[in-house]
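Engineer: The following block contains the structure, expressed as structure tokens.
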Amino acid sequence: MNANGELKKIFFISMATVRLELIVTTAVFAVLLYFIFDFISQERFVYFWDFANYWSRYRDFNELFFESPLRALGKVIPSVRHDEYNLFPVALLLPAGITLGNSRISFVVANALLFNFPTIVLFAYFFKSRISKEREFSTTGLEYIVALFCMALAPQLWVPVLCGYLGTGGLFLAIAVLILYSRKSFSDQNYWSILYMAFLLSLMVVFRRWYAYWVVGFLVSITIVNILFLVNTYRINFKEYMPTMVKLFLFGGASAGFFICLATPQAIRMLTTDYGDIYSGYKYATSFTDTLQDLNAHFGLLTLASAALGFLFSLKNIKRSQTAIILFLQFWLSFILFTRTQDMGYHHYYILLPSLLYFSCYFWMVLLTIVSGKLASSLAFVILFCLLLLNFTIVFVPPVADVLPKFDSAFSQLRHYPMKRHDIGEIHNILEYFDEQELSEVDKVYVLASGLILNDDILRKGCEAENGKYAICDCFATTAHVDKRDGLPVELFQSKYIVTTEPAQFHLDPKDQQVIGIVRDMVVHQEGFGKNYRKLKIEFTLDENVDVLIYQKIGEKFSEDDLQDISDRFVRLYPAHSGKFLFPSDIFDQLTD
């Protein structure tokens, strides 16, 4: 065949491959959209805390944009600089918000369309671009499809999205950085390319603060790999080290510099805050073994074992193993650094997902290329697809988990089903009761409960969801939930009503929520300052037979000794945080005789 014929053949093969990839991608996304619609439409829930945080911001931002586009956009930069949950990811959802609206389904679909789907495609492209350099793999679009299925059917990608978190935009940026970095050796990258990657790293941290762990893990990893390369190549000829070392310093320095410029107050807060201390209540693992067990439960043996084998296979060609070593180091560095601070939540595992799925995909590609014969290869691919689908459905579909209990450890032990409450009517009864009391602007209601059945945000969000039906939405005080983070619940003493429960409601270990436990017990048992409240003859019952009790303040003033006593109790418990448990002098004077 002449050169012209060979080029035409390559062209038509390439077009057929692209067409296949496009068809498969479209089909997968269509099925995922149907899954999202079906899943969210089954929910009957009062979304609160992180379930509602970004959805509330999404609705508020969209409504403000329709009223005044300039005012809405003008809020983004101050928010980026000052707010931990800033408006940057919300603003990126604006095109979907304009077209889809503000409902819960619209919000989750917007998140999927603008963050998840591009992330899936980019990951598949990244994997394909790396695999295409491996001569032992001779495939036609298979590497893209394998990576597409691995990421699209990863339940760890979807649980945070269905919960209402915005995090996959940072994942998209991480994969973009990996693509840019792996195009050529670091020493051959020009300065503009390095600055561009540094800017993307800074945007990751702007997107969500905890992506800083991915950034640090990545920067340390490439530094280690490049230094080892220099030592192996140039030995003690240190002059040859300088160009690469300058670029490494520029990369790290520019990443930090861009973030400091974009979010100076946030950067200062991150540098001066001991997150390990204030979030100690969110850390249950007591050893590294515990964190590894959590990792295993989150991903399952199928994913972890395939990733481990994939890493070993990827080292086969040492000349092309740099990417694998960087991803391996980034995974462990980010994991160890994060778990020293707190346990990983659903969304935090995003910092591990690209590395883990890259190696898992690599392993599956090795298996698929080992199998000879068209029928055997097709069968192997179908088996792989079925395993990935089982790993996905076991998390979201209860009957699948019920049928496969013996294989539980092989798959992810995550479980996330449509969230449903059977007491929404009773929550509205509570809201109607307080609405009938005709509370003034200064009359506050303090919810002395911090569980998933009742907390202040459940009543607040339940109130706001009724779009003006109740006049009391601003009357709910902000509850202090976590001792070291929130300190003394000063607003409780300024509130006219206290709402609490029997039994007490916690979402962490009670020893880390004594601003709920101790204070509640004093009110219920009428001890100390609790004598200033009387229990009303009205009760409500929520899910799991949780009784809601309401107390009303009698008299405006407290005894100085009673307030000093509650303050002293917490100071003795947390002497290193004593300042958080002292009454401001002006408020103390207002509250006492």
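The values are calculated or read from the model by the stated rules, or taken from the named source; none is laboratory data. These numbers come from a predicted model, not from an experiment. Note that we place each Cβ from the backbone using ideal geometry, even for glycine, and neighbour counts take in every protein chain shown. Areas reflect the complete protein model, heavy atoms only, side chains present, ligands, DNA and RNA absent. Shrake-Rupley method; radii C 1.70, N 1.55, O 1.52, S 1.80 Å.
Engineer: Between residues in the range 350-377 that are over 24 Å from PHE335 (Cα atoms) and touching a residue at least 12 places away in the same chain (Cβ under 8 Å) and residues that are open to solvent by 30 Å² or more (accessible area, probe 1.4 Å) and of a type in the set (S, T, N, Q), which pairs lie under 8 Å by C-beta distance while being six or more apart or on different chains?
Structural biologist: From the range 350-377, the pairs are MET365/THR139; LEU368/THR139; LEU368/SER377; THR369/SER138; THR369/THR139.
Engineer: Look at TYR234 and say whether it is touching a residue at least 24 places away in the same chain (Cβ under 8 Å), of a type outside the set (A, V, I, L, M, F, W, C) and open to solvent by 10 Å² or more (accessible area, probe 1.4 Å).
Structural biologist: no
Engineer: Here's something else I'd like to know. Among LEU262, LEU250, LEU178, which is the only one that is touching a Pro at 6+ places or on another chain (Cβ under 7 Å) and within 30 Å of SER79 (Cα to Cα)?
Structural biologist: It is LEU178.
Engineer: Additional query: Just checking, does the range 202-212 include any residue being open to solvent by 70 Å² or more (accessible area, probe 1.4 Å) and not charged (D, E, K, R)?
Structural biologist: No, the range 202-212 contains no residue that is open to solvent by 70 Å² or more (accessible area, probe 1.4 Å) and not charged (D, E, K, R).
Engineer: Report, by residue number, each residue of the range 44-79 that is outside any helix (DSSP H, G or I) and farther than 29 Å from HIS507 by Cα.
Structural biologist: Within the range 44-79, SER68, LYS75 meet the criteria.
Engineer: Related question: Just checking, does the range 455-470 include any residue being in contact with a strand residue (DSSP E or B) (Cβ under 6 Å, 6 or more places away or on another chain) and assigned to a loop (DSSP other than H, G, I, E, B)?
Structural biologist: Looking through the range 455-470, none of the residues is in contact with a strand residue (DSSP E or B) (Cβ under 6 Å, 6 or more places away or on another chain) and assigned to a loop (DSSP other than H, G, I, E, B).
Engineer: Tell me, yes or no, whether the range 97-104 has at least one residue that is in a helix (DSSP H, G or I) and modelled with pLDDT of 95 or more.
Structural biologist: Taking every residue of the range 97-104 in turn, at least one turns out to be in a helix (DSSP H, G or I) and modelled with pLDDT of 95 or more.
Engineer: Checking the conditions here, which among SER193, SER202, SER185 is closer than 25 Å to ARG340 by Cβ and either touching a residue at least 60 places away in the same chain (Cβ under 8 Å) or of a type outside the set (Val, Ile, Thr) (or both)?
Structural biologist: Working: SER193 fails: closer than 25 Å to ARG340 by Cβ; SER185 fails: closer than 25 Å to ARG340 by Cβ.
Checking each option against the conditions leaves just SER202.
Engineer: Pairs needed: first member in the range 159-175, open to solvent by 10 Å² or more (accessible area, probe 1.4 Å); second member anywhere, assigned to a helix (DSSP H, G or I) and of a type in the set (D, E, K, R); C-beta distance under 9 Å; at least 6 residues apart or different chains.
Structural biologist: So the pair list comes out as TYR165/ASP50.
Engineer: Which residues, counting only those in the range 258-270, are open to solvent by 80 Å² or more (accessible area, probe 1.4 Å) and under 21 Å from the mean Cα position of the chain (by Cα)?
Structural biologist: ARG269
Engineer: Could you list, in sequence order, the residues of the range 145-158 that are open to solvent by less than 10 Å² (accessible area, probe 1.4 Å) and either without any contact (Cβ under 8 Å) to a residue 24 or more places away in the chain or in a loop (DSSP other than H, G, I, E, B) (or both)?
Structural biologist: ALA154
Engineer: Which of the numbered conditions does THR478 fail, given that it passes all the others? Conditions: (1) open to solvent by 20 Å² or more (accessible area, probe 1.4 Å); (2) under 14 Å from ASP443 (Cβ atoms); (3) among the hydroxyl-bearing types (Ser, Thr, Tyr).
Structural biologist: Result: THR478 fails condition (2) only.
Engineer: Would you confirm whether or not the range 50-70 contains a residue that is closer than 26 Å to LEU32 by Cβ, of a type in the set (D, E, K, R), surrounded by 15 or more Cβ atoms within 10 Å (Cβ to Cβ) and free of Cβ contacts under 8 Å to residues at least 60 places away in the same chain?
Structural biologist: Within the range 50-70, the first condition is being closer than 26 Å to LEU32 by Cβ, and the residues that meet it are 50-59, 61-62.
Narrowing further to those that are of a type in the set (D, E, K, R): 50, 57, 59.
Going one step further and asking which of them are surrounded by 15 or more Cβ atoms within 10 Å (Cβ to Cβ), we end up with 50, 57, 59.
Checking which are free of Cβ contacts under 8 Å to residues at least 60 places away in the same chain leaves us with 57, 59.
Yes: one or more hits.
Engineer: Applying the selection to the range 328-360, what residues are surrounded by fewer than 22 Cβ atoms within 10 Å (Cβ to Cβ) and more than 30 Å from ASP512 (Cα to Cα)?
Structural biologist: Of everything in the range 328-360, those that are surrounded by fewer than 22 Cβ atoms within 10 Å (Cβ to Cβ) and more than 30 Å from ASP512 (Cα to Cα) turn out to be PHE328, LEU329.
Engineer: Given the conditions (1) closer than 28 Å to PHE588 by Cα; (2) among the aliphatic types (A, V, I, L, M); (3) modelled with pLDDT under 95, and given that ILE550 satisfies all but one, which numbered condition is not satisfied?
Structural biologist: (3)
Engineer: Can you find a residue in the range 509-525 that is touching a helix residue (DSSP H, G or I) at 6+ places or on another chain (Cβ under 7 Å), farther than 30 Å from LYS283 by Cα and not aliphatic (A, V, I, L, M)? Outline the logic, then answer.
Structural biologist: Going through the range 509-525, the residues touching a helix residue (DSSP H, G or I) at 6+ places or on another chain (Cβ under 7 Å) turn out to be 509-510, 512-515, 517-519, 522-523.
Checking the rest, the ones that are also farther than 30 Å from LYS283 by Cα come to none.
Checked the range 509-525: no residue is touching a helix residue (DSSP H, G or I) at 6+ places or on another chain (Cβ under 7 Å), farther than 30 Å from LYS283 by Cα and not aliphatic (A, V, I, L, M).
Residues checked against (1) within 30 Å of SER360 (Cα to Cα); (2) among the hydrophobic types (A, V, I, L, M, F, W, C); (3) surrounded by fewer than 18 Cβ atoms within 10 Å (Cβ to Cβ):
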site: PHE88; (1), (2), (3): no, yes, no
site: PRO95; (1), (2), (3): no, no, yes
site: ALA112; (1), (2), (3): yes, yes, no
site: PHE117; (1), (2), (3): yes, yes, no
site: VAL121; (1), (2), (3): yes, yes, no
site: PHE126; (1), (2), (3): yes, yes, no
site: ILE131; (1), (2), (3): yes, yes, no
site: GLU143; (1), (2), (3): yes, no, no
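Engineer: Can you find a residue that is assigned to a helix (DSSP H, G or I) and under 23 Å from ILE326 (Cβ atoms) anywhere in the range 366-379? Before the answer, list the steps.
Structural biologist: Restricting attention to the range 366-379, the residues satisfying the condition of being assigned to a helix (DSSP H, G or I) are 366-370, 374-379.
Going one step further and asking which of them are under 23 Å from ILE326 (Cβ atoms), we end up with 366.
Yes, the range 366-379 has at least one match.
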